[in-house]
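We did not get these values from a lab; they are worked out from the coordinates using the rules stated. Nothing here was measured: the structure is a model prediction, and the numbers come from that model. Neighbour counts are summed over all protein chains in view; Cβ atoms, including those assigned to glycine, are modelled from backbone coordinates with ideal geometry.
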Amino acid sequence: MPKESDHFKNGGDKESKDERMQDTSEETVRKRVRANTPSPHRGNTPQASPPRFVSVEELMETAKGVTNMALAHEIMVNQAFQVKPTELPEGSLERRVKEIMHKAFWDCLEAQLKEDPPSYGQAIKLLAEIKETLLSFLLPGHGRLRSRIDEVLDLPLIQQQAEKGALDIGNLSQFIVGMMGSLCAPCRDKDINKLKEITEIVPLLKAIFSVLDLMKVDMANFALTSIRPHLMQQSVEYERNKFQEFLDKQPNALDYTEKWLEETVKCLKEAEAGVCSGASSDSSSLLPLNVHNHAYLRLLRWDHPSDPFPETVLMDQVRFQEMQQEAERLVLLSSVLLIVYTTTGEAISGLPGLMEKLKNTVNVMLADMHTLSFSVEEALATIGEKLCVELSQCLSQHGYSPFSADRKSTLMGQISVTAQPDNTVRKLMDSRVQSYLLAFLESSQHKVPDHPLPGGLAPVSRELKELAVRFSRLVNFNKLVFSPFYQNILQKMLTSGDSHSTET
């Protein structure tokens, strides 16, 4: 017969699968908030509005509101978000003090239980805390389990048994362990089994509290997984209201956002004249939706070290930067593969498994391309050598003449020059990747089939599709939250000396 906690166990199954994904704790989020949230006193903020003096209380309240907004945002946009147990740094003063205090507490409890007669005051307080924790794990349908916990952990009865010297803490502890086994997620079954092997009372109670702390984290993550689908609308309104509160206190908090949109409009105008390379040249309209999509696409070309990020997307700067790096890697990867197949010709066309083999070779060499120690020139030189070896072996296996020295030199030279951002092949593939992402972003607005994959991108189609999906989800959520702010900015911008219509 299934246990009453099967519903929670099913949720736990999801949690155990998610353990393979990168965890993100609240502390990590707060660090990101402190690093990335808009500051009222950024030194290089354009002073579009006159400075306003605020009190310390206002600053603290605003900072708290922005932090909470960032935490809510993280839960919504990061599907891998999880609460993690707090772990103090090894060797830190805080950890040392905590260990000393805990040891003193458990030593005191052990001494009380060894008295003659035993003193159960502290032990009963622990049982009361355990009972409260167990009850907090129960779902509305767990009526029978609730009654059973109330019956066995009846605190007035336990107090009477202690006064009469008839209290059996060992028996109560075994009941607690059994109940924890019924309520825990499957990933905690091993911890429960270890509890059953402990016979000493104090070590058992200590271990019970440790596992209960882990179960609290499991329950919090289960709750997040359960309610996330229902949080979208509330989260949009919450973030929008919190940002408005922040904007009320700091009127210049949209300066970089205005600059971002203004430069996008300028770029679109230049694109019509064939000047700007950061937008599609067929953009003949400055409708707000079109401006929005091109503005977000520009975030994947951002100069992060020198150009401040727009305030409305600041909480996602790390994500946009990661997607920018992924797009750059796919551009370089597809450029190299296009050169290989164009240079080698029909001899290797359609050979089973060759494309994947060449792709894996290039992928391995480009895995660290955005680290400080990475040299793209050295990596591409090595890639050229390795690909020439693999191609020669493949040609020989299929009865073709191996690469001549001239062909090797030509191929390696063409691969090496893709290190230059203005290389013709690299610029072509970059344009096609950007075109695909823009088309995907536009199609997601109308739920139409995906835009056809541009030529030369077939080898990276899976990775590009995954990138486009993540990109469009993040963009669409940001649009939902900040669309009123964008509309106000563009309304003023496009009606000021411009004849284009601003109606969407």
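Checking the a/c ratio against 1.5 first, then a/b against b/c, what shape does the Cα gyration tensor give for the stretch 398-442?
Cα axes put the stretch 398-442 in the oblate bin.
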Exercise. If you line up the Cα atoms of the stretch 369-419 on their principal axes, what length do they span on each, largest first, in Å?
Worked result: 43, 18, 12
Problem set entry | Fully extended contour minus Cα-Cα distance, from residue 107 to residue 307, at 0.36 nm per residue | 66.3 nm
Problem set entry | Subset of 98/242; 259/465; 259/359; 216/465; 131/194 violating a 28 Å alpha-carbon distance limit | 98/242; 259/465; 259/359; 216/465
For this session: Using a Förster distance of 22 angstrom, determine the FRET efficiency expected from the C-beta separation of residue 442 and residue 369, and round it to 0.05.
Result: 0.15
Problem set entry | Space enclosed by the convex hull of the alpha-carbon atoms of the stretch 85-159, per residue, Å³ | 106
Seminar exercise, completed: Karplus ³J(HN,Hα) for the stretch 158-171 (6.51 cos²θ - 1.76 cosθ + 1.60, θ = phi - 60°; Hz, whole; x = Gly/Pro) runs 5, 5, 5, 5, 5, 5, 8, x, 10, 7, 10, 5, x, 5
Problem set entry | Length gained when the stretch residue 94-residue 270 is fully extended (0.36 nm per residue, less Cα-Cα span) | 57.6 nm
Seminar exercise, completed: With label points set 7 Å from each Cα along the Cα-to-Cβ direction at residue 209 and residue 431, the distance between them in nm comes to 6.8
For this session: Calculate, in nm to one decimal, what residue 151 and residue 382 gain on full extension: separation in residues at 0.36 nm each, minus their alpha carbon distance.
Result: 76.0 nm
Problem set entry | Relative packing of 167-178, 214-225, 427-438, which averages over residues the other C-beta atoms within 10 Å, highest first | 427-438, 214-225, 167-178
Seminar exercise, completed: The whole-number value in µm²/s of the Stokes-Einstein translational diffusion coefficient for the stretch 255-495, with Rh from the Kirkwood sum over alpha carbon pairs at 4 °C and 1.567 mPa s, is 66
Seminar exercise, completed: Between the modelled labels at residue 200 and residue 401 (7 Å from Cα along Cα→Cβ) the distance in nm is 8.2
Exercise. When the dipole is taken about the Cα centre of the stretch 255-495, and only Lys, Arg (+1) and Asp, Glu (-1) are charged at their Cβ, what size is it in debye, to the nearest 20?
Worked result: 500
Problem set entry | For the stretch 393-480: rounded, prolate or oblate by the Cα gyration tensor [a/c cutoff 1.5] | prolate
